[in-house]
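Novice: First, the structure itself, so that you have it in front of you.
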Amino acid sequence: MMLGIFTSPLYLLPSGSIQAYHVLLFVMTMAAFIKVGGLSPKPVVIAVLVFWAYVIVRQILFIMATAEASFTTLLYPTLNMLVFLGVYTVLTEVISPRGIKGVLHAIAAALVFETGYIFIENGSLTFFLNNAERSVGTFNNPNQLGYFAVLMGCAYVSIATVINSSKLYASLFVSLAYLLAIISLSKAAMLAISPLMLLAFISWGRGIRSGLLKAVIITSVLVLLLLSIVILVSQLENLAQSDNEVIRRLALIGQDSDDNLVDRGYALLLNPDWRIIFGYGEGYYNMLFGNEVHSTLANVITSFGVAGFILFSSMILTIVQYRIVSMQFGLLGLVLAYGLTHNGLRNTLFWVFLAIIAWSARYAMDAKNKPALRLATPKKIRQMSAMV
């Protein structure tokens, strides 16, 4: 799993192809299933399998009715489902919570690797400030780089917070994720990742005993955030003329040629017919409008319908243990915010992230119900987990 996460930025083949990390994570999944003797019928496992089964059935019907439909729409949901179950199985049944630090190190190493590659390639990490050419790093396009930054930053915070890892290291590696999002010049990535550090601070602040101090810190941060938004909005017209490419792109949000409902994938939702109930099938939108759906949520609703969206939402709620007010749901919200304008559903790293969130939410619940879990030895942890 650590090798799979570390090599996840390495795109050696065109987009849509099987990359090295897909193979590594698939092998890990098979090994995990053999080691634990199969899947346990946990609610998370059942929810993911139900959503996958619905997607497969819907796509088979679409392929049977449409000669132009691609069979890859069956491959990726199956691969992603297997990887999710494999990562979740490894985290919950194979390695101890203390062993999760290895996964944390793999995420950190991937962030350092990508940052180092971009620095070596360009000789600077500030070239993007006055350059409209967006960096792709080891990926095939800049949006993949931006999505990687959001996913890895959120995954790091999720793990580091649960296992009480070093706040200094967490701040450092989250800062690298911020930097990669900025280097990608992806507006969606920069906006989605922007609240991450605040979310981390709020979560870390739960350890502060003084309620008054907590209130002062949170209020101060929110006031500063509000003032920053007001200043940015008031200066939006001037910022659009800035020589700084990062500031200029943020100021031009909604003004690019593809910033419209048709290109982002929402057109069918504006004037749906009865097929919206069970979905039009993945690929139908491209056949109709000539471009793919550039939105995770729009893709779920358009391709798999209201029924598919309900199953997807149920899966998400199960993953976060039905805790809407939680760090895990907040981190998931940041990733899905990116997905409002980009389709990340097929990205396997997104499903790795979901598995990490599922483990994090479950472990947080177990630790809350059994406070001794955080201080237990690995052997004791396995014994306690077996009793849950």
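The values are calculated or read from the model by the stated rules, or taken from the named source; none is laboratory data. Since the structure is predicted, the reported quantities are computational estimates derived from the model, not experimental observations. Neighbour counts are summed over all protein chains in view; Cβ atoms, including those assigned to glycine, are modelled from backbone coordinates with ideal geometry. The accessibility values were calculated without ligands, DNA or RNA, using every heavy atom of the protein model including side chains. Shrake-Rupley method; radii C 1.70, N 1.55, O 1.52, S 1.80 Å.
Novice: Can you tell me which residue within the stretch 96-130, out of those that are over 19 Å from Ser175 (Cα atoms) and buried (at least 17 other Cβ atoms within 10 Å of the Cβ), is modelled with the lowest pLDDT?
Specialist: This residue is Pro97.
Novice: How many residues are of a type in the set (Phe, Trp, Tyr) and either open to solvent by 40 Å² or more (accessible area, probe 1.4 Å) or touching a Cys at 6+ places or on another chain (Cβ under 7 Å) (or both) when one looks only at the stretch 278-306? Reasoning before the result, please.
Specialist: Taking the stretch 278-306 and keeping what is of a type in the set (Phe, Trp, Tyr), we get 278, 280, 284-285, 289, 304.
Right, trim to either open to solvent by 40 Å² or more (accessible area, probe 1.4 Å) or touching a Cys at 6+ places or on another chain (Cβ under 7 Å) (or both) and you get 278, 284, 289.
Residues flagged as of a type in the set (Phe, Trp, Tyr) and either open to solvent by 40 Å² or more (accessible area, probe 1.4 Å) or touching a Cys at 6+ places or on another chain (Cβ under 7 Å) (or both) within the stretch 278-306 amount to 3.
Novice: A further question follows. Pairs, please: C-beta under 6 Å, at least 6 apart or cross-chain, first residue among the polar types (S, T, N, Q) and in the stretch 174-192, second modelled with pLDDT under 90?
Specialist: none
Novice: Would you mind finding the one in Leu185, Leu85 that is touching a Ser or Thr at 6+ places or on another chain (Cβ under 8 Å) and farther than 17 Å from Leu349 by Cβ?
Specialist: Values: Leu85 fails: farther than 17 Å from Leu349 by Cβ.
One residue alone meets the criteria, Leu185.
Novice: Would you check if Lys35 is more than 30 Å from Ile182 (Cα to Cα) and not aromatic (Phe, Trp, Tyr)?
Specialist: Values: more than 30 Å from Ile182 (Cα to Cα): yes; not aromatic (Phe, Trp, Tyr): yes.
Yes; evaluated as a whole, the condition is true for this residue.
Novice: If we scan the stretch 64-81, do we find a residue that is open to solvent by 50 Å² or more (accessible area, probe 1.4 Å), over 24 Å from Leu311 (Cα atoms), free of Cβ contacts under 8 Å to residues at least 40 places away in the same chain and small (Gly, Ala, Ser)?
Specialist: yes
Novice: Any residue that is among the polar types (S, T, N, Q), open to solvent by 40 Å² or more (accessible area, probe 1.4 Å), in contact with a Ser or Thr (Cβ under 6 Å, 6 or more places away or on another chain) and touching a residue at least 40 places away in the same chain (Cβ under 8 Å) - is there at least one of those in the stretch 343-362?
Specialist: Of the stretch 343-362, the ones among the polar types (S, T, N, Q) are 343, 347-348, 360.
Next, only the ones that are open to solvent by 40 Å² or more (accessible area, probe 1.4 Å) stay: 343.
After this cut, where a residue has to be in contact with a Ser or Thr (Cβ under 6 Å, 6 or more places away or on another chain) as well, the list is 343.
Those left that are additionally touching a residue at least 40 places away in the same chain (Cβ under 8 Å): 343.
Yes - at least one qualifying residue is present in the stretch 343-362.
Novice: Do the conditions hold for Ala364, that is, is it over 18 Å from the mean Cα position of the chain (by Cα), under 29 Å from Thr7 (Cβ atoms) and modelled with pLDDT under 90? Talk me through it step by step, then tell me what you get.
Specialist: Details: over 18 Å from the mean Cα position of the chain (by Cα): yes; under 29 Å from Thr7 (Cβ atoms): yes; modelled with pLDDT under 90: yes.
Yes: the conditions hold for Ala364.
Novice: So, one more: For the stretch 312-351: of the residues being in a helix (DSSP H, G or I) and among the aromatic types (Phe, Trp, Tyr), which is farthest from Asn291 (Cα to Cα)? Walk me through how you get there before you give the answer.
Specialist: Taking the stretch 312-351 as the starting set, the residues that turn out to be in a helix (DSSP H, G or I) are 312-319, 327-338, 348-351.
Filter again for among the aromatic types (Phe, Trp, Tyr), leaving 312, 329, 338, 350-351.
Working: Phe312: 23, Phe329: 31, Tyr338: 19, Phe350: 22, Trp351: 24 Å.
Ranking the candidates gives Phe329 first.
Novice: Give all pairs with beta carbons closer than 8 Å in which a residue from the stretch 134-147 that is hydroxyl-bearing (Ser, Thr, Tyr) meets a residue that is assigned to a loop (DSSP other than H, G, I, E, B); count only pairs at least 6 apart in sequence or on separate chains.
Specialist: Matching pairs, first to second residue: Ser135/Leu185; Thr138/Pro9; Thr138/Leu10; Thr138/Tyr11; Tyr147/Ser186; Tyr147/His342; Tyr147/Gly344; Tyr147/Asn347.
Novice: Looking at Phe26, is it within 20 Å of the chain's Cα centre (by Cα), within 20 Å of Leu151 (Cβ to Cβ), open to solvent by 70 Å² or more (accessible area, probe 1.4 Å) and at pLDDT 90 or above? Talk me through it step by step, then tell me what you get.
Specialist: Details: within 20 Å of the chain's Cα centre (by Cα): yes; within 20 Å of Leu151 (Cβ to Cβ): yes; open to solvent by 70 Å² or more (accessible area, probe 1.4 Å): yes; at pLDDT 90 or above: yes.
So Phe26 passes the test.
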